[in-house]
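Asker: Below is one structure. I have some questions about it.
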Amino acid sequence: MDKLLKIGVLVSGSGSNLQSILDACAAGRLKARVVCVISNVADAYALERAQAAGVPALHLDHRAHSGREAYDQALVTTLREFGAELVAMAGFMRIITPVLLDAFPMAVMNIHPALLPAFPGLHAQRQALEYGVKVAGCTVHLVDPGTDTGPIIMQAAVPIVEGDTEQTLSARIQKEEHRIYPEAIGLFAAGRLSVNGRRVEILAT
Ligand code: GRF
């Protein structure tokens, strides 16, 4: 049997992306295993999803640490304890520092609900609607020290339809998120991502 990639997932909220990763692992579509789920928010529903899947679910409160670096050091310690090889941010509402990035070089991923580099930061779907674009989408990228600026692994486009609200658009984008995040992680697990500056080449099998 192929070796399973060990993933540590960072969350703050509902965890529907976490669920898509857990489901893909359980179905054998993703040759990986979630070894721990860490939330900075105590009552994040994502922690319940982790527990239901039998995955260690931990609350690490950022307010209990003296600053961003100290918090990230605590994340690194915990992720290492569980042997994580890839860190997947899935709705983790914290800016991370080089303390985490240097501990997992080219091995921290994020999913963002926009076609980057358009609409980085918070409320990306609202930004897209207010700007009036006709096509929105989502992006899986490697994380670098900027906000949503790292090398892009995979994107999916989602049309904006007449009468869309932030909620309807977000729901349509999330369907695509749940498809491409496990797929991108699968490429990482298979060693098929080759990063050259900003460009990520997907190697053939
Ligand atoms: C997603 O829209 C993701 O793109 C963004 O945060 C949201 C998390 O949703 N980074 P969920 O917690 O995975 O349901």
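The values are calculated or read from the model by the stated rules, or taken from the named source; none is laboratory data. Keep in mind it's a predicted model, so treat the numbers as computed, not measured. Note that each Cβ is placed from the backbone with ideal geometry, even for glycine, and that neighbours are counted across all protein chains shown.
Asker: Every residue in region 86-95 that is surrounded by 16 or more Cβ atoms within 10 Å (Cβ to Cβ) and among the β-branched types (Val, Ile, Thr), please.
Answerer: Val87, the sole residue that qualifies.
Asker: For region 3-24, what are the residues that are under 19 Å from Leu187 (Cα atoms) and either of a type in the set (Val, Ile, Thr) or away from the ligand (no atom under 11 Å from the Cβ) (or both)?
Answerer: Of everything in region 3-24, those that are under 19 Å from Leu187 (Cα atoms) and either of a type in the set (Val, Ile, Thr) or away from the ligand (no atom under 11 Å from the Cβ) (or both) turn out to be Lys3, Leu4, Leu5, Lys6, Ile7, Gly8, Val9, Ile21, Leu22, Asp23, Ala24.
Asker: If you go through region 155-175 one residue at a time, how many are surrounded by fewer than 21 Cβ atoms within 10 Å (Cβ to Cβ) and not in a helix (DSSP H, G or I)?
Answerer: Residues meeting the conditions: 10.
Asker: Answer yes or no as to whether Phe92 is assigned by TED's automatic domain parsing to the domain that holds Gln73, modelled with pLDDT of 95 or more and either over 24 Å from Arg198 (Cβ atoms) or in a loop (DSSP other than H, G, I, E, B) (or both).
Answerer: Here the answer is yes, as Phe92 does meet what is asked.
Asker: Going by the structure shown, is Leu100 surrounded by 15 or more Cβ atoms within 10 Å (Cβ to Cβ), within 26 Å of Arg199 (Cα to Cα) and not β-branched (Val, Ile, Thr)?
Answerer: Yes; evaluated as a whole, the condition is true for this residue.
Asker: Mind checking whether some residue in region 48-67 is within 16 Å of the ligand (Cβ to nearest atom), among the polar types (S, T, N, Q), modelled with pLDDT of 95 or more and within 24 Å of Glu176 (Cα to Cα)?
Answerer: No; the residues of region 48-67 include none that is within 16 Å of the ligand (Cβ to nearest atom), among the polar types (S, T, N, Q), modelled with pLDDT of 95 or more and within 24 Å of Glu176 (Cα to Cα).
Asker: Another question, if that's okay. Just one of the numbered conditions (1) farther than 13 Å from Ile185 by Cβ; (2) more than 16 Å from the ligand (Cβ to nearest atom) is not true of Arg33; which one?
Answerer: If we test Arg33 against (1) farther than 13 Å from Ile185 by Cβ; (2) more than 16 Å from the ligand (Cβ to nearest atom), just (1) comes out false.
Asker: Can I ask one more? Can you name the residue in region 119-144 that is closer than 20 Å to Ala184 by Cα and away from the ligand (no atom under 14 Å from the Cβ) and, of all such residues, is farthest from the chain's Cα centre (by Cα)?
Answerer: The extreme case among them is Asp144.
Asker: Confirm whether Ala74 is of a type outside the set (S, T, N, Q), in contact with a helix residue (DSSP H, G or I) (Cβ under 9 Å, 6 or more places away or on another chain) and without any contact (Cβ under 8 Å) to a residue 40 or more places away in the chain.
Answerer: yes
Asker: Has region 187-198 got any residue that is of a type in the set (Gly, Ala, Ser), farther than 12 Å from His112 by Cβ and buried (at least 18 other Cβ atoms within 10 Å of the Cβ)?
Answerer: So far as region 187-198 goes, yes, one or more of its residues are of a type in the set (Gly, Ala, Ser), farther than 12 Å from His112 by Cβ and buried (at least 18 other Cβ atoms within 10 Å of the Cβ).
Asker: Go through Glu166, Glu177 for me and flag whichever is over 30 Å from Leu4 (Cβ atoms), in contact (Cβ under 8 Å) with a residue 40 or more places away in the chain, outside the structural domain of Val76 (by TED's automatic domain parsing) and within 12 Å of the ligand (Cβ to nearest atom).
Answerer: Of the residues listed, the single one that is over 30 Å from Leu4 (Cβ atoms), in contact (Cβ under 8 Å) with a residue 40 or more places away in the chain, outside the structural domain of Val76 (by TED's automatic domain parsing) and within 12 Å of the ligand (Cβ to nearest atom) is Glu166.
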